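To start, the structure itself, in structure tokens.
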Amino acid sequence: MIDLGVFLTLLALGYGFGRYAELKHYKSIIQREKELNILPAIAARTPPMISKACDCNLVTGNVVISVDYFKRFISVLRNIVGGRITSYETLIDRARREAILRMKQQAHEMGAKQVFNIKFETASIYKGKRQQVGSVEVLAYGTAIIPSQGG
Amino acid sequence: MMITNIEIVPGKRITKHMGLVQGSSVRAKHVGRDIMAGLKNIFGGELKGYTELLQDSREEAVKRMVAQAEAVGANAVLNVRFSTSSIAAGAAELFAYGTAVTLEDM
């Protein structure tokens, strides 16, 4: 009986806090994406051949995001019937967008105009007691093109 | 030292290839952070301690790669890639590699 109570409390806490955190995070992501729209991140491998010399610098952005108790419970249920696990999809989506934003922020501080050759690296870094994915790390990196001071 | 992950740098010419340079760093997290992470696994959200830890280790890996490039006399590392692997419970290896070259203005 106590076990059930603890379980339900954790579930409720996870649902409440997790939902609140996700909504807040999405709001901040959307706002910052608008602000950093002036700085395009391009997946092309080479920048267009411009005659003007410019500086290049590696920029990176990484984030580790954890899934909450409620979402993990839902995913366990999903494992029985199969299908899309929407709760994990939003987790990865948040992590990727946050990583890009941090990378762009770093490039912006250097005075870059574009970021080229974006690459992603995803790793699950924490495993729970039952070897479930607890949290994911997303790293986004690219090359910031900074116009030279002289030219 | 220029570090980039593109292959051709605008306005510059590669005069010499020095081959692959690499750097790696293996890190473990400490118990305090593990406990915090356990709590976060209930509430969800970002694990700031882990984010910083991984960022620091990656910077360390890049630093080692740059040291190797300097040792062979290169002035740039092109086509840099990152790779992450967990080698044991609670430890992760962050690996950075790229091509060391000498660049000259065109």
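The values are calculated or read from the model by the stated rules, or taken from the named source; none is laboratory data. Note that the structure is a prediction, hence the values are computed from the model and not measured. When we count neighbours, we look across all protein chains shown, and the Cβ atoms used for this are built from the backbone with ideal geometry, even at glycine.
A few comments on the model shown:
- Every condition in (1) modelled with pLDDT under 90; (2) more than 11 Å from chain B (Cβ to nearest Cβ); (3) in contact with a Ser or Thr (Cβ under 9 Å, 6 or more places away or on another chain) is met by A:ARG96 except one, and the failing one is (1).
- Lone unmet requirement of (1) surrounded by fewer than 20 Cβ atoms within 10 Å (Cβ to Cβ); (2) more than 8 Å from chain A (Cβ to nearest Cβ) for B:THR51: (2)
- Segment B:69-106: number of residues that are of a type outside the set (Lys, Arg) and either in a loop (DSSP other than H, G, I, E, B) or closer than 18 Å to B:VAL9 by Cα (or both): 22
- Count of residues meeting criterion [in contact with a helix residue (DSSP H, G or I) (Cβ under 6 Å, 6 or more places away or on another chain) and either within 10 Å of another protein chain (Cβ to nearest Cβ) or at pLDDT below 85 (or both)] in segment A:14-52: 5
- Residue within segment A:114-131 that is on the phi < 0 side of the Ramachandran plot, among the hydroxyl-bearing types (Ser, Thr, Tyr) and at pLDDT below 85 present: yes
- Test: A:ALA95 is among the small types (Gly, Ala, Ser) and in contact (Cβ under 8 Å) with a residue 60 or more places away in the chain: no
- The residue of segment A:93-113 that is surrounded by the most Cβ atoms within 10 Å (Cβ to Cβ), among those that are outside any helix (DSSP H, G or I) and on the phi < 0 side of the Ramachandran plot, is A:ALA112.
Here is a yes/no grid of residues against (1) assigned to a loop (DSSP other than H, G, I, E, B); (2) over 17 Å from the mean Cα position of the chain (by Cα); (3) farther than 28 Å from A:ILE145 by Cβ:
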{"residue": "A:ALA12", "(1), (2), (3)": "no, yes, yes"}
{"residue": "A:LEU23", "(1), (2), (3)": "no, no, yes"}
{"residue": "A:THR60", "(1), (2), (3)": "no, no, no"}
{"residue": "A:PHE70", "(1), (2), (3)": "no, yes, yes"}
{"residue": "A:LEU77", "(1), (2), (3)": "no, yes, yes"}
{"residue": "A:ILE118", "(1), (2), (3)": "no, no, no"}
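- The set of residues from segment B:1-18 being at the interface with another protein chain (Cβ under 10 Å from one of its Cβ atoms) and part of a strand (DSSP E or B) comprises B:MET2, B:ILE3, B:LYS12.
- If you check B:VAL62, B:VAL66, B:VAL21 for being assigned to a helix (DSSP H, G or I), in contact (Cβ under 8 Å) with a residue 60 or more places away in the chain and in contact with a Gly (Cβ under 9 Å, 6 or more places away or on another chain), only one passes: B:VAL66.
- Residue in segment B:27-48 that is modelled with the highest pLDDT, counting only those that are facing chain A (nearest Cβ under 7 Å) and in a helix (DSSP H, G or I): B:PHE43
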